[in-house]
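The values are calculated or read from the model by the stated rules, or taken from the named source; none is laboratory data. Keep in mind that what you see is a predicted model, and the values were worked out from it rather than measured. Every residue, glycine as well, gets a Cβ built from its backbone with ideal geometry; the counts of neighbours run over all protein chains shown.
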Amino acid sequence: MLISGHGGDIYSRQIEYDFSANLNPLGMPESVKAALKNSVSEWESYPDPLCRKLSCALSEYEDFPDENIVCGNGAADLIYRLVSAVKPRKAVITAPAFSEYEKALKENGSQTIKYFLSEENSFIVDDGILNILDSSFDMIFLCNPNNPTGQLVTKDILKAVAEKCLENNIILVCDECFLPFVNDGKNKSVREFMNEKVIILNAFTKIYAMAGLRLGYALFGSCELAEKVQKTGQYWSVSTPAQLVGIAALQEKDYIEKTIQFIKNEREFLITKLQEFGFKVYNSEANFILFRCDVPLDKMLLKEKIAIRNCSNYDGLSDGYFRIAVRNHEENCMLISAVRRCFNG
């Protein structure tokens, strides 16, 4: 049973290889581990509720005003704080997409309209989404690249959505947590079209394999909205160790470039191997792959102590859709061998 319908449940099942959580297969950088170990003496004090040193480091890293940056206990924390601060009456989300958008909206009483992505169009966001955006909406969530499909939102769509949101007073929340895995990702961001209605979500969780430390941040086009979200939610939302290792992680420039090339090679390897089984595989720009097959592969692989993500609980998908993370080559080969045994015994 998945925890709240998410991947990464290694606690209620006997799992040796987790392909259900989309974390960097290179692992947490050694410099980040060292910073964590060296920070123990500081854990006895309350963390800085405003994350001032971290925000300053992020401001330099992102070339963005620090007063327009808000840090949180992972990107998910910021999703809930943002929705709680704005309390949108009506919002748009794409489907399939990360379920926490809808959950946060529903918990705050928002009417949620879903824009279903077409399987025939490989679940790519098309210009049809522009037709439903009008002044009756207060917010829209886009995920770029999208989870679980791995598809990017094209720059022309990002530009058009950002402009239409500004025109109609709609807040555009663009979740770019997986964009650091994408080749030339910074040039595929909504950042180029930033305006006072745009918010970009990012996190250290995936790219730095820091899932257990919980650290995310958001870039706001509006300083006033950033301040409002900063004051929403729990006071000490980001722990001292998370803040300190976040600062250390931002120094790891070569690590990200190495990750991008590593993911590209291993993703291509996995896509080719999955297609050899006759699965329908969707091209991905991220560190995970969506595919479809006609057998309960997740249950079969559990017997091998391997977890993959069953995507049937995503709106817009159905039974037979699965997602796997791109791991290191040895683990990826092991997964393919296990899938082969599932079919051939």
- Which residues, taken from segment 226-253, are assigned to a helix (DSSP H, G or I) and of a type in the set (D, E, K, R)? E227, K228, K253
- Taking segment 108-118 and keeping only residues that are surrounded by 13 or more Cβ atoms within 10 Å (Cβ to Cβ), assigned to a loop (DSSP other than H, G, I, E, B) and without any contact (Cβ under 8 Å) to a residue 60 or more places away in the chain, one is left with N108, S110
- Among the residues of segment 265-272, is there at least one that is touching a Lys or Arg at 6+ places or on another chain (Cβ under 9 Å) and part of a loop (DSSP other than H, G, I, E, B)? no
- Message: Give all pairs with beta carbons closer than 9 Å in which a residue from segment 191-207 that is in the same structural domain as D175 (by TED's automatic domain parsing) and modelled with pLDDT of 95 or more meets a residue that is basic (K, R) and in a helix (DSSP H, G or I); count only pairs at least 6 apart in sequence or on separate chains.
- Response: E192/K155; E192/K159; F193/K155; F193/K159; V198/R191; I200/R191
- Mind counting the residues in segment 33-62 that are free of Cβ contacts under 8 Å to residues at least 12 places away in the same chain and part of a loop (DSSP other than H, G, I, E, B)? 1
- Listed residues E276, E266; which is out of contact with any Leu (no Cβ under 7 Å at 6 or more places or on another chain), surrounded by fewer than 18 Cβ atoms within 10 Å (Cβ to Cβ) and modelled with pLDDT of 95 or more? E276
- May I ask you to list the residues in segment 300-320 that are free of Cβ contacts under 8 Å to residues at least 40 places away in the same chain and closer than 19 Å to G278 by Cβ? S318, D319, G320
- Message: I'd like to check something: does segment 126-143 contain any residue that is crowded, with 24+ Cβ neighbours inside 10 Å and in a loop (DSSP other than H, G, I, E, B)?
- Response: no
- Message: Going residue by residue through segment 297-308, is there one that turns out to be modelled with pLDDT of 95 or more and in contact with a Pro (Cβ under 9 Å, 6 or more places away or on another chain)?
- Response: no
- Message: With the requirement that a residue be part of a helix (DSSP H, G or I) and crowded, with 21+ Cβ neighbours inside 10 Å, what does segment 189-225 give you?
- Response: V190
- Message: Looking at segment 306-325, can you tell me whether even one residue there is over 23 Å from I124 (Cβ atoms) and exposed (fewer than 14 other Cβ atoms within 10 Å of the Cβ)?
- Response: no
- Note on the structure: Of the conditions (1) free of Cβ contacts under 8 Å to residues at least 24 places away in the same chain; (2) of a type outside the set (D, E); (3) crowded, with 18+ Cβ neighbours inside 10 Å, the single one that V229 does not satisfy is (1)
